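**Q** Could you have a look at this structure, given as structure tokens, before my questions?
The values are calculated or read from the model by the stated rules, or taken from the named source; none is laboratory data. The structure presented is a predicted model; accordingly, all values stated were derived computationally and were not measured. Because the Cβ atoms are built from the backbone with ideal geometry, glycine has one as well, and the counts that use them run over all protein chains shown. Accessible surface areas use protein heavy atoms only, side chains included; no ligands, DNA or RNA. Shrake-Rupley method; radii C 1.70, N 1.55, O 1.52, S 1.80 Å.
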Amino acid sequence: MFIFDCNGVLVDSETIVANVASQELARAGFAVAPEVVARFFAGRRPTDMLADIEAATKRELPPNFAASLASATLRRLRTELRATAHVEHALTWLRGPKCVASSSPLDRVRASLDATGLLRFFDPYLFTASDVPNGKPAPDLFLYVAAKMRVQPAECIVVEDSPAGVSAAHAAGMIPIGFIGGSHTNPNLGAQLTQAGARAVIADMRALKSTVVALRGF
């Protein structure tokens, strides 16, 4: 069983998402650089990000901010988003059930996969952190996916690009593979993913096949 994060793994979206969030926050009077958004909130639910920003600044965002941010993000993704390089090759090779487990809302996941031609590999097996009480780095989403797909957590290989996502997969008893091939990757990300529990780290989706074979050989 293969479980993929969406943003930063299947689609190269993290830079777009961080820029939009920074711009929308600035319009609301909150100065948060895109680099800060990427560093602290990659892999986490938008609702958790906004709650943390309000707690850190001791100020409330406008009542309609979450909806405005979601709309602005969808607009940019529909026009600018591209699939991660070589991901179609990797998905075509992988045999067996595949699904998506994302911190993003379902409409954003579906729109992202549809815009990049990847929806056919996963539909209808799209799961989001909106389905569970706690988002990544809690293991809730991955355990929910395993239950829905009727597989044991130990049988699941998870591909994630954020420490929060890898931590969640590790805590769920799954096998995390870290991915550092997105445009948002920083020089420290590989080490951070390993520290979070990644069993292997790849920078190119063409390496996924050999990595999976090696991990399954243990």
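**Q** Evaluate the relative contact order of the chain (contact order divided by residue number), counting alpha-carbon pairs under 8 angstrom at least 6 apart; express in whole percent. Spell out each step's value before the answer.
**A** Details: 365 pairs, mean separation 53.0, N = 218.
Relative contact order here is 24 percent.
**Q** What accessible area per residue comes out for the chain, rounded to a whole number of Å², with a 1.4 Å probe? Before the final figure, lay out each step's value.
**A** On the way: 10120 Å² over 218 residues.
Roughly 46 Å² per residue, with all protein chains present.
**Q** On the protein heavy atoms, probe 1.4 angstrom, tell me the percent of accessible surface of region 130-200 carried by carbon and sulfur.
**A** Numbers: 1510 of 3020 Å².
Carbon and sulfur atoms account for 50 percent of the accessible area of region 130-200.
**Q** With labels modelled as points extended 7 Å from the Cα through the Cβ direction, what inter-label distance (nm, one decimal) is found for Asp114 paired with Arg78?
**A** Between Asp114 and Arg78, the label points sit 0.9 nm apart.
**Q** Additional query: How big is region 100-164 by Rg and Dmax over its Cα atoms, in Å?
**A** When restricted to the Cα atoms of region 100-164, Rg and Dmax are 11.8, 32 Å.
**Q** State the answer as a single residue: which of Ala18, Gly29, Ala42 lies farthest towards the positive end of the charge dipole of region 1-58, with beta carbon charges of +1 for Lys and Arg and -1 for Asp and Glu, about the Cα centre.
**A** Comparing the listed Cα positions along the dipole, Gly29 ranks first.
**Q** On alpha carbon coordinates alone, what is the Rg over Rh value for region 99-218, Rh being the Kirkwood radius?
**A** Details: Rg = 13.9 Å, Rh = 14.7 Å.
Rg/Rh for region 99-218 comes to 0.94.
**Q** Next question, about the same structure. What's the FRET efficiency of Gln152 with Leu94 using the Cβ-Cβ distance as r and R₀ = 25 Å, to the nearest 0.05?
**A** On the way: r = 18 Å, r/R0 = 0.74.
After rounding, the FRET efficiency stands at 0.85.
**Q** Within region 62-218, what percent of beta bridges assigned by DSSP are antiparallel, to the nearest 5?
**A** Details: 0 of 10 bridges.
Here the antiparallel bridges make up roughly 0 percent for region 62-218.
**Q** On a 0 to 90 degree scale, rounded to 10, what angle separates helix 106-115 from the longest Cα axis of the chain?
**A** Result, in degrees: 70.
**Q** Using only the Cα atoms of the chain, what do you get for the radius of gyration and for Dmax, in Å?
**A** Computed over the Cα atoms of the chain, radius of gyration and Dmax are 16.4, 53 Å.
**Q** Another one. For region 49-106 and region 186-218, what is the separation of their C-alpha centers, rounded to whole Å?
**A** Here the answer is 22 Å between Cα centres.
**Q** Going by average Cβ density within 10 Å per residue, which order do the peptides 120-127, 209-216 take, highest to lowest? The partial results should precede the final answer.
**A** Working: 120-127: 15.4, 209-216: 13.0.
Going by the mean number of other Cβ atoms within 10 Å, highest first, we get 120-127, 209-216.
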